[in-house]
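Enquirer: Here's a structure for you.
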Amino acid sequence: MLFDSHMRTLLDASAALVNALTDGQARGRGYLAPEGAERVGAVRAVLNADADLGREAADHLAATARTLRVVFEAVAEDRLDEAALALNTLLRESGARPQLDRVPGEPWQVHFHGADDSYAVGWSAGCATGLAMAIGGDYAGRLGVCAAPRCDRVYVDTSRNAGRQFCSTACQNRVKAAAFRARRGSEAGPPER
């Protein structure tokens, strides 16, 4: 695929953080991002975290998610300068820096750590770097916002043909069902008197 496994992890985490931690609409309904202990649980679920994750870290990642949403929305509307500005700010604030790391039995990988290596800052740095590399590597078109009505969840398109338009199969099916009902209604013609 286009992205190596580490880059895909960062991009998927970016989309998942945005979708879990920002208000908006999801699958045709209003969505309110969790707060407090529920936010901590949401971050743990999204990042598959075993780490001791507190409220402060979850709040930090929620702020990161709001910035990442700006990036996804700007890219989807072809405002790459705005996306780059938001990412550059996040990269600077997180102190993102590359470092070669290796898990036993695996090859060396470039990871991006934050200035203080805390859990939240590290993920913020990694997500910002992943999105920056996608945009800077001519893959901005792979970042999107769901095209379904009443849904603003984001996604990373890893399909071969770069044709993804929806955040989920559920949204794709909603749109297809609505189009089918509209066609079926127009084929029936006007009601008889």
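Just so it is clear, none of the values below were taken in a lab; they were calculated from the coordinates. Every value quoted in this text rests on a predicted model; they were computed, and no experiment measured them. Every residue, glycine among them, receives a Cβ derived from its backbone with ideal geometry; neighbour counts consider all protein chains shown.
Enquirer: Evaluate the distance, in nm, between pseudo-label points positioned 7 Å from the Cα of Arg79 and of Ala170 along their respective Cα→Cβ axes.
Expert: 2.8
Enquirer: Using a Gaussian network model on the chain with a 10 Å cutoff between Cα atoms, which of Ala62, Ala162, Ala177 fluctuates the most?
Expert: Sorting by GNM fluctuation, first place goes to Ala177.
Enquirer: Hey, another quick one. When the dipole is taken about the Cα centre of region 1-142, and only Lys, Arg (+1) and Asp, Glu (-1) are charged at their Cβ, what size is it in debye, to the nearest 20?
Expert: With Lys and Arg at +1 and Asp and Glu at -1, about 240 debye.
Enquirer: Using the beta-carbon distance between Ala147 and Val110 and R0 = 30 Å, what value does 1/(1 + (r/R0)^6) give for FRET efficiency, to the nearest 0.05?
Expert: With R0 = 30 Å, the Cβ-Cβ based efficiency is 0.35.
Enquirer: Moving on to the next point. Go through region 77-94 residue by residue and turn each phi into a ³J(HN,Hα) via Karplus (6.51, -1.76, 1.60, θ = phi - 60°); whole Hz please, and just put x for glycine and proline.
Expert: After applying 6.51 cos²θ - 1.76 cosθ + 1.60, I find 9, 6, 10, 5, 4, 5, 4, 4, 4, 5, 5, 4, 5, 5, 4, 5, 5, 7 Hz.
Enquirer: Here's another thing I want to ask about it. Pull up all non-local amide H partners of Ala148: gap of 5 or more, or a different chain, and H-to-H distance under 5 Å with H placed in the peptide plane.
Expert: For Ala148, the qualifying residues are Cys167.
Enquirer: If you take the charge dipole of region 40-193 about its Cα centre, with +1 on Lys and Arg Cβ and -1 on Asp and Glu Cβ, which of Val175, Val71, Thr89 is farthest toward its positive end?
Expert: Val175
Enquirer: Which of the cysteines found in the chain have nothing to pair with, since no other Cys Cβ lies under 4.7 Å from theirs?
Expert: Cysteines lacking a close Cβ partner in the chain: Cys127, Cys171.
Enquirer: Then there's this: Of [x] 1.06; [y] 0.94; [z] 1.04, which one was derived for Rg/Rh (Cα atoms, Kirkwood Rh) from the structure shown?
Expert: This structure yields the entry labelled [x].
Enquirer: Further, regarding this structure: What is the distance in Å between the Cα centres of region 86-144 and region 40-63?
Expert: 17
Enquirer: Please name which of Gln99, Cys151, Gly122 has its Cα lying farthest along the dipole of region 5-188 towards the positive end, using unit charges on Cβ (Lys, Arg +1; Asp, Glu -1) and the Cα centre as origin.
Expert: My answer, from the dipole projection, is Cys151.
Enquirer: Another question, if that's okay. Counting other Cβ atoms within 10 Å of each Cβ, which chymotrypsin sites (Phe, Trp or Tyr not before Pro) in region 73-179 have at most 12 and sit in a DSSP loop?
Expert: The qualifying sites are Trp108.
Enquirer: Can you give the FRET efficiency for Glu35 and Asp101, using 1/(1 + (r/R0)^6), R0 = 30 Å, r = Cβ-Cβ distance, to the nearest 0.05?
Expert: Working: r = 33 Å, r/R0 = 1.10.
Given R0 = 30 Å and the Cβ-Cβ separation, E is 0.35.
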